[in-house]
Amino acid sequence: MEQFHFACPCEVYFGQNCIAKHSHVFQRFGQKAYIITSRFPDKKNLALEDVETALKKEHVLYAVNEEVQLNPSVESLIKIARQVSKFQPDLLISIGGGSAIDTAKCVNILLRYPNLDAYDVLFGKGPHIFGVGAPDDGALPLINVPTTAGTGADMTGISVITRNDIQSKSGTNRRSFGSYSFVDSRYIKGSPTELNHATAVDALCHGIESYLSRHSRDDFMTNMIAETAFQLFGEFKEHLLSNTMTAEDYDKQALHSLLQGMVIINECTGVAHGLGYPLSYYYHVPHGLACGIFEGEYVKIYKDQKRVKRIMDAIGFNTVDEFCSYIQKILAPHIHISVTSSQIEEWTQSFCKTQWRLDRHPYPLTEDMVRDIYYRSLSVFITDASSSTKTSV
Ligand SMILES: [Fe+2]
């Protein structure tokens, strides 16, 4: 049997009301906690209420910062890190989706390196230079409480941050892991449909891209976890599409996201994620939808279709076309953009410069192939008449 390495440094409490049942965890690290979260304009922040109740019960002093920026920029992280420093907490708590959790993870790194340039600290040595299994670079213990089910941010060490210096988003190179994650599906119930669709598709993309990545074939643990997660997705996929999710479905969605989060700690995201970043940066297309647009065409060009079939079987699709049709139905109501062939050319060039992403694909991935995935995936959004002639494969 091949050797493998598996990392999952974060302890997990899963299930409804898990914070109330295990509030003692919140007093393990000291007497002062700093909560980093977002404002929830359309619904109450039930997770924040649960955390505050637990902290009061355990006699832990706390402050709440609700200034998390959607798709957080480095500048927003610096601002929050300064506020955290003034409070001098013993513990950080993040509550929210990927933006809140990624903000807390990065703030935790910046607290360790207060006198260095933030861009340098987070990205200076190139993407993922510290690799899988790199140590936790967070300064304080961190408890994550995800309120969406898709990003996997509560499990992973890297954060995806908006970089105004390169006009795109990219992953941080230092790892910052949570000590605990409390996963309660009550927090995702009642999320806006677009958000829930985007996060569910994001988690699915994490699994698919990891399962098809260069080193995944012999990675026994992540294969096993991803395959179990694909089956879970298959069990709630129709209810997700028809917006008829039950409490049990939300539990499965939360577990699916958690498992695919464990997978990307070890295998990282791949081609479709890289292709999707310009749509999020320039058009604010939610991250999961931006990746999902490209997943079908990417899966189609993947050479080892037997491996692709294992994914389709686990999710419950008879063919890749059936999978593509499902993803299109999920995405269609939420994406309204117009793109040009010159933009596609620019994004193709830019993607092909990210060598580490090309290397995630186990076979040669040429510029023409990348361009073709862009054209085929975005065909309904392209406004130039000549665009249909630009496909090259
Ligand atoms: Fe993602």
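The table below gives the values:
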| read-out | value |
| --- | --- |
| Accessible area, probe 1.4 Å, largest first, for residues 239, 5 | 5, 239 |
| In range of the label at residue 282: residues from region 323-339 whose backbone nitrogen is under 16 Å from the point 7 Å along Cα→Cβ | 336-339 |
| Residues of the chain: accessible area per residue with a 1.4 Å probe, Å² | 41 |
| Rule-of-thumb Rg ratio for region 193-390 [Cα; 2.2 N^0.38 Å; N residues] | 0.98 |
| Cβ-Cβ FRET estimate between residue 376 and residue 31, R0 fixed at 51 Å, reported to 0.05 | 0.35 |
| Selected from 230, 64, 172, residue furthest toward positive end of dipole (the chain; charges at beta carbon) | 64 |
| Value of [θ]222 nm, deg cm²/dmol, for the chain, DSSP H segments ≥ 4, -39500 (n - 2.57) each, nearest 500 | -15500 deg cm²/dmol |
| Expected-Rg normalisation [2.2 N^0.38 Å, Cα atoms] applied to region 1-60 | 1.52 |
| Of all DSSP beta bridges in the chain, antiparallel share, percent nearest 5 | 15 |
| Coarse-grained scattering of the chain at q = 0.08, 0.09 Å⁻¹, given as base-10 log I(q)/I(0) from a Debye sum over alpha-carbon atoms | -0.39, -0.50 |
| Cα extents of region 77-120 along the three principal axes, largest first (Å) | 28, 22, 14 |
| The chain: Cys lacking any partner C-beta under 4.7 angstrom | 8, 10, 18, 106, 268, 324, 352 |
| Protection-proxy order for peptides 165-173, 281-289, each taking the mean of Cβ atoms within 10 Å per residue, highest first | 281-289, 165-173 |
| Square roots of five times the Cα gyration tensor eigenvalues for region 286-393, Å | 23, 19, 12 |
| Nearest-10 value in Å² for the accessible area of residue 18, using the 1.4 Å probe | 10 |
| Of the trypsin sites (Lys or Arg not before Pro) in region 317-386, those whose Cβ has at most 16 other Cβ within 10 Å and which sit in DSSP loop | 353 |
| Equivalent ellipsoid semi-axes - Cα gyration tensor, region 239-342, angstrom | 22, 19, 16 |
| Computed magnitude of the charge dipole of the chain (debye, nearest 20; Cβ of K, R +1, Cβ of D, E -1) | 500 |
| Along principal axes, Cα extents of region 185-279, largest first, whole Å | 37, 32, 21 |
| Carbon and sulfur %, accessible surface of region 193-390 computed with the full protein complex present, 1.4 Å | 53 |
| Protection-proxy order for peptides 255-268, 72-85, 189-202, each taking the mean of Cβ atoms within 10 Å per residue, highest first | 255-268, 189-202, 72-85 |
| Net charge dipole size for region 193-390 [Lys, Arg +1 and Asp, Glu -1 on Cβ; Debye, nearest 20] | 400 |
| 11 Å beta-carbon shell around residue 158, net charge (K/R +1, D/E -1) | +1 |
| Calculated Rg and Dmax of region 11-187 using C-alpha coordinates, Å | 15.1, 45 |
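The values are calculated or read from the model by the stated rules, or taken from the named source; none is laboratory data. Keep in mind it's a predicted model, so treat the numbers as computed, not measured. Note that each Cβ is placed from the backbone with ideal geometry, even for glycine, and that neighbours are counted across all protein chains shown. Surface accessibility is based on the protein's heavy atoms, side chains included, excluding ligands, DNA and RNA. Shrake-Rupley method; radii C 1.70, N 1.55, O 1.52, S 1.80 Å.
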